[in-house]
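See below for the structure under consideration.
The values are calculated or read from the model by the stated rules, or taken from the named source; none is laboratory data. Note that this is a predicted model, so its numbers are computed, not measured. Glycine also receives a Cβ, built like all others from the backbone with ideal geometry; neighbour counts cover every protein chain displayed.
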Amino acid sequence: MDKFFDAHKYDSQSKLAVREPKFSWKNIKKSLGKVYAFFYGNPPAIIGGLLLSIVLAGAIFAPALATHDPERRVARPHVAPNAEHVLGSTRSGRDVYSQVLYGARKSLTVALTAGVIAMTIAVLVGVSSGYFGGKIDDRLNFLTNVFLVFPQLPLLIVLAAFLGQVGSLVITVLLGITSWPWGARVIRSQTMAIRNKEFIISAEVMGESKIRIILVEILPNLISIVFGGFLGTVIYAMGAEAGLGILGLGDATEVSWGSMLYWAQTSSSLYTGAWWEMLVPAFALAITGGALALVNMSIDQVSNPKLRTGPHIKLWHKLKKEADKKRGL
């Protein structure tokens, strides 16, 4: 009886207690601690995060950082890098440095938007297929297999050629609706593994709605997989956009890394000695893709116990050695 009154007293006091504001210094310190724990002992996260921050800063602050209008002729054709034009000029006399900054805006916008579209479809299809099962799983799995049969890049080339010279919006939609099957397959497998866990069964027994179970119980356990798939899709979409641009299937009048490569190829920049017109956008693509891949790798190292790094790596290795010793390994 005394325990009952003590528990009741504790509940009353907890209800009357003043809640800590969400934006308190304690919460900010806790968030900064999580960020530090993610980067500490995780070199891919540090290098990838730094490179990606530089690229994003260049894209966001392009109007302030650019020295010339990227669409105007401001120099003689194929001027080598100098003090005024640090990365040289194109055959049409446009500043390459200004173009690569503004091109980052277009290329990253296309890639990020396509990644959001693709992973949204992948999550809807993968979670629905893995959780509900039965006929829903059969139909959605069949749809996923149909999309997996077709090679993505050749399919994109055929669609873009059929539609004619298309703008960035059409390319974004095409990339989004053709890049989701692999993500859906992985999410489906993980959802099927989670579906039989005790906390899911308990939620179903308690009468929780299926929508709530998906949103509250399943999706939080898929965050690392979804984010990893998103970064992979962004890398693919960025490369595919550049590939379509080189083939002349994009809008060559828009300033993007793909259109820069297209005009560099058209003007035979490598053969004429104007290597900067081709190599600068190619280097920008390589740096951005590498940075995204490093960030993706760092997330895997944190979320995957087999690759775990960070401030607890020494303790984790110690416990692993003890477990292996007990098993006679």
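Okay, here's what the table says:
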{"quantity": "Residue ranges of helices (runs of 4 or more DSSP H) in the stretch 149-229 with at least 2 members among the hydroxyl-bearing types (Ser, Thr, Tyr) and either modelled with pLDDT under 90 or under 18 Å from the mean Cα position of the chain (by Cα) (or both)", "calculated": "168-178"}
{"quantity": "Neighbours by Cβ (under 9 Å, 6+ apart or cross-chain): first from the stretch 46-64, within 22 Å of Val96 (Cβ to Cβ); second among the aromatic types (Phe, Trp, Tyr) and assigned to a helix (DSSP H, G or I)", "calculated": "Ala59/Tyr102; Ala62/Tyr102; Pro63/Tyr102"}
{"quantity": "Some residue of the stretch 271-285 being out of contact with any Asp or Glu (no Cβ under 8 Å at 6 or more places or on another chain), under 30 Å from Gly126 (Cβ atoms) and assigned to a helix (DSSP H, G or I)", "calculated": "yes"}
{"quantity": "Selected residue (criterion: nearest to the chain's Cα centre (by Cα)) from residues of the stretch 86-99 that are surrounded by fewer than 24 Cβ atoms within 10 Å (Cβ to Cβ) and of a type in the set (A, V, I, L, M, F, W, C)", "calculated": "Leu87"}
{"quantity": "Odd one out for Thr67, checked against (1) modelled with pLDDT under 90; (2) more than 19 Å from Met260 (Cβ to Cβ)", "calculated": "(2)"}
{"quantity": "Number of positions in the stretch 103-134 that are surrounded by 22 or more Cβ atoms within 10 Å (Cβ to Cβ) and farther than 20 Å from Val170 by Cβ", "calculated": "8"}
{"quantity": "Residues satisfying the stated conditions in the stretch 121-144, i.e. within 23 Å of the chain's Cα centre (by Cα) and free of Cβ contacts under 8 Å to residues at least 40 places away in the same chain", "calculated": "Leu124, Ser128"}
{"quantity": "Test: Val125 is touching a helix residue (DSSP H, G or I) at 6+ places or on another chain (Cβ under 6 Å) and of a type outside the set (Gly, Ala, Ser)", "calculated": "yes"}
{"quantity": "Enumeration of residues in the stretch 233-270 that are at negative phi, outside any helix (DSSP H, G or I) and free of Cβ contacts under 8 Å to residues at least 24 places away in the same chain", "calculated": "Thr253, Leu270"}
{"quantity": "Residue within the stretch 34-42 that is surrounded by 16 or more Cβ atoms within 10 Å (Cβ to Cβ) and either part of a strand (DSSP E or B) or modelled with pLDDT of 90 or more (or both) present", "calculated": "no"}
